[in-house]
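Please read the structure below before turning to the comments.
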Amino acid sequence: MPAEVVIVFKSTHDVIKAKSELEKACIAHELIPTPKEISSECGMSLRVEKTVLNKVLEILRSKGVRYRDDLL
Amino acid sequence: MIYFDNAATSFPKPKAVIEAMENYFFHMGGSTGRSGHKMAIKASELVFNTRELLAQLFNIKDSSRIAFTKNVTESLNLAINGFLEKGDKVITTSLEHNSVMRPLRYLEQTGKIKIFVIQANQEGLVDPSAFEDILKKEKIKMIIINHASNVTGTLAPVGTISKIAHRYGSHILVDAAQTAGSYPINVIADSIDMLAFTGHKSLLGPQGTGGLYIREGMEIAPLIRGGTGSSSEKEIQPDFMPDLLESGTLNVIGLAGLGAGVKYILDQGVSKIRKEEMELTELFIREAKKIEGIKLYGPTDTNNRVSVVSFNISGYTPSEIAYILDKEFDLACRPGLHCAPSAHKTIGTFPQGTVRFAFGYFNKVEEIRTVLKALAQISQGEIELPRH
């Protein structure tokens, strides 16, 4: 099983926007309840494989999705 | 039944609107942003999609700058109360609806703000240079303007006024109650700082939906504070959009319908909707003018108006005409002051008001012809006033 990373967002709007952008880019992802040990920022977070993290962050930045860079 | 009361609320709604609402209740049902289960995710996606569709319709780059409200009155109250501070000065026009005038007058009465009211002419037209005359002398925080009058249908030159406002460091709030969905709105091209709209008129959605767009870089205070599903560890309201202005559970079923309404409009095209509504309006105005005893209000040049038309028939009060039309001809319209006393004073119809017809995308040429015949009969005294 490849290593995975959880991306936390400021708001529901951003997590859904991120999901929609990753779907368009055909990048595998899963929406999960934000693990409490990470943050209580927004109820949902995105889990992606670590190998695609840079690509994912590039997409999120270019689309103006507000994620918690400090929690990565 | 003939429905000409689309300025109050549009009818009928596209089938897709009803299906979207039904689909939400049958198959989604969850709350947005409060949980991470599949139903909650679907609901969150639905709300996101409605926001994106509205952003597309109004040329808004970042849809998070739209906050949902329950109607345009709430949107206007949010913009006015959230942006104005003690000592601020504003300009508005004599054509405003009470959803603008009442919150403004309240702030004036409580000594917070000063209001300058620009008088429109009898057709409801405002002269952009009148704004500049005040802006030259006074530091104006914001201009609040009705995009189209709900009484005369007159369009305001929003793009011109906003550019003048910005030259003097002022801001513009546009009340798009009668234009969103039926007239092109481009927040970038028209330099709109805040756009207040409702979902249940020309956007073809259900009642209980509306929104406020706020340009990036502009901050306003919320009307209410509370749970947002975000930053839950903090007892302080989040400062980011849309959560800043959207506390409490959203009207998800309403927003499902609104999204379908906006999708329908985008598929049809606002220009096609505008063209067809104005064809009906032109026909009505052209033929109604020929009927003796009818007085029409608002601009005759259809480039300066939307499909809202006010008129009176001599010898009758507006409510008598509306009553006859309802009882004898099965026609729905709205008589009276339309919550805009200042607009009626402007056109000289205060306090009795007018009869208002507002044609919608689903009205037909035959309906206009039927009604024109009815008005001719009424004005010739052929119809007895039905007994109450």
Using the Cα centre of the protein assembly as shown as origin and beta-carbon charges of +1 (Lys, Arg) and -1 (Asp, Glu), tell me which of B:Leu223, B:Phe131, B:Phe4 is placed farthest towards the positive end of the dipole. B:Phe131
Neighbourhood net charge (14 Å Cβ-Cβ; Lys/Arg +1, Asp/Glu -1) for B:Ala7: +1
Backbone N under 12 Å from the B:Gln56 label point (7 Å along Cα→Cβ), restricted to the stretch B:242-260: B:259-260
How much of the accessible area of the stretch A:4-71, probe 1.4 Å, is carbon plus sulfur, in whole percent? 49
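Which of the three applies to the protein assembly as shown, rounded, prolate or oblate, going by the alpha-carbon gyration tensor with a ≥ b ≥ c and a/c under 1.5 meaning rounded? Display every interim value, and only then the final one.
Numbers: a/c = 2.49, a/b = 1.69, b/c = 1.47.
Verdict is prolate for the protein assembly as shown.
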Residue by residue, what Karplus-based ³J(HN,Hα) values in Hz, rounded to whole numbers, does the stretch B:130-140 have, using 6.51, -1.76 and 1.60 with θ = phi - 60° and x for Gly and Pro? 5, 5, 5, 4, 6, 4, 5, 9, 10, 7, 9
If Lys and Arg each add +1 and Asp and Glu each add -1, what is the summed charge of the other residues whose beta carbon sits under 13 Å from the beta carbon of B:Ala322? -2
Per residue accessible area of chain B, 1.4 Å probe, in Å²: 42
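Which of the GluC sites (Glu not before Pro) across the stretch A:4-72 are loop residues per DSSP, with 10 or fewer other Cβ within 10 Å?
Numbers: sites: A:Glu4, A:Glu21, A:Glu23, A:Glu30, A:Glu37, A:Glu41, A:Glu49, A:Glu58; in loops: A:Glu37, A:Glu41.
In loop regions of the stretch A:4-72 (DSSP not H, G, I, E or B), the sparsely surrounded GluC sites (Glu not before Pro) are A:Glu37.
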Straight-line reach only, C-alpha to C-alpha below 29 angstrom: list the lysines that A:Lys55 could link to, leaving out same-chain residues fewer than 8 apart. A:Lys10, A:Lys17, A:Lys19, A:Lys24, A:Lys36, A:Lys63, B:Lys38, B:Lys42, B:Lys61
Under a 5 Å amide H to amide H cut-off, with H placed in plane at 1.01 Å, what residues pair with B:Arg334 once short-range neighbours are removed? B:Arg356
Explain nothing, just the number: dipole magnitude of the stretch B:1-156 about its Cα centre with +1 on each Lys and Arg Cβ and -1 on each Asp and Glu Cβ, in debye rounded to the nearest 20. 560
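Check each of the trypsin sites (Lys or Arg not before Pro) in the stretch B:313-388 and keep only those in coil by DSSP with at most 16 other C-beta atoms within 10 angstrom; list them in order. Walk me through the numbers before you get to the answer.
Values: sites: B:Lys327, B:Lys345, B:Arg356, B:Lys364, B:Arg369, B:Lys373, B:Arg387; in loops: B:Lys364, B:Arg387.
Answer by residue number: B:Lys364, B:Arg387.
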Hey, got a sec? Which trypsin sites (Lys or Arg not before Pro) in the stretch B:1-102 land in a DSSP loop and have at most 13 other Cβ atoms within 10 Å? B:Lys61, B:Lys86
How much of the DSSP bridge set in chain B is antiparallel, in percent, rounded to the nearest 5? 50
Compute the angle between helix B:72-83 and the longest alpha-carbon principal axis of chain B, please, reported from 0 to 90 degrees and rounded to the nearest 10. 50
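Take every Cα pair under 8 Å in chain B that's 6+ residues apart, average their separations, divide by the length, and report that relative contact order as a whole percent. Can you show the working numbers first?
On the way: 794 pairs, mean separation 92.1, N = 388.
Answer for chain B is 24 percent.
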Whole-number percent relative contact order across the stretch B:107-196, with pairs defined as alpha carbons under 8 Å at least 6 apart: 26
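Divide by every residue of the protein assembly as shown the summed helix terms, -39500 (n - 2.57) for each DSSP H run of at least 4, and state the resulting mean residue ellipticity at 222 nm, rounded to the nearest 500 deg cm²/dmol.
Values: 13 runs with 167 residues, N = 460.
Calculated mean residue ellipticity at 222 nm is -11500 deg cm²/dmol.
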3J(HN,Hα) from dihedral phi, the stretch B:311-327, Karplus parametrisation 6.51/-1.76/1.60, rounded to Hz, x for glycine, proline: 7, 9, 10, 4, x, 10, 8, x, 6, 5, 4, 5, 5, 4, 4, 6, 6
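Taking the Cα centre of the protein assembly as shown as origin, work out the dipole magnitude from +1 charges on Lys and Arg Cβ and -1 charges on Asp and Glu Cβ, in debye rounded to 20.
Working: 54 positive and 53 negative charges, 86 e Å.
That gives a dipole near 420 debye.
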Among B:Gly360, B:Ile313, B:Asn303, which residue has its Cα furthest toward the positive end of the charge dipole of the stretch B:258-362, with +1 on Lys/Arg Cβ and -1 on Asp/Glu Cβ? B:Asn303
If one computes the Cα centroid of the stretch A:2-72 and of the stretch B:336-369, what distance in Å separates the two points? 51
Would you tell me the mean number of C-beta atoms belonging to other protein chains that fall within 10 Å of each C-beta in B:261-271, as a whole number? 0
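For chain B, the longest stretch holding no GluC sites (Glu not before Pro) located in a DSSP loop with at most 15 other Cβ atoms within 10 Å is which? Write out the running numbers ahead of the final one.
On the way: sites that count: B:Glu85, B:Glu138, B:Glu216, B:Glu219, B:Glu233, B:Glu235, B:Glu292, B:Glu382, B:Glu384.
Free of exposed loop sites, the longest segment is B:293-381.
Interface A/B, total buried accessible area with a 1.4 Å probe, nearest 100 Å²?
That pair of chains buries around 1500 Å² in total.
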Mean-square fluctuation maximum in Gaussian network of chain B, Cα pairs under 10 Å, restricted to B:Asp267, B:Asp243, B:Asp88, hits B:Asp267
Over the alpha carbons of chain A, what is the largest minus smallest coordinate on each principal axis, giving the biggest first in Å? 29, 28, 19
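Explain nothing, just the number: dipole magnitude of the stretch A:4-71 about its Cα centre with +1 on each Lys and Arg Cβ and -1 on each Asp and Glu Cβ, in debye rounded to the nearest 20. Numbers along the way, then the final one.
Numbers: 12 positive and 11 negative charges, 41 e Å.
Dipole magnitude for the stretch A:4-71 comes out near 200 debye.
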With 10 Å bins from 0: P(r) over chain B, alpha-carbon pairs, percent: 5, 23, 31, 24, 13, 4, 0, 0
Distance in Å, no decimals, from the C-alpha centre of the stretch B:233-310 to the one of the stretch B:177-207 is 6
Please report the net charge: other residues with Cβ closer than 12 Å to the Cβ of B:Arg215, K and R +1, D and E -1. -3
Using Cα atoms only, what is the angle between the long axis of helix B:252-268 and the major principal axis of chain B, expressed in degrees (0 to 90) to the nearest 10? 60
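The values are calculated or read from the model by the stated rules, or taken from the named source; none is laboratory data. Keep in mind the model is a prediction, meaning the values are calculated, not measured. In this analysis, Cβ positions are derived from the backbone assuming ideal geometry, glycine residues included, and neighbour counts consider all displayed protein chains. To get the accessible areas, we keep the full protein, side chains included, count just its heavy atoms, and leave off ligands, DNA and RNA. Shrake-Rupley method; radii C 1.70, N 1.55, O 1.52, S 1.80 Å.
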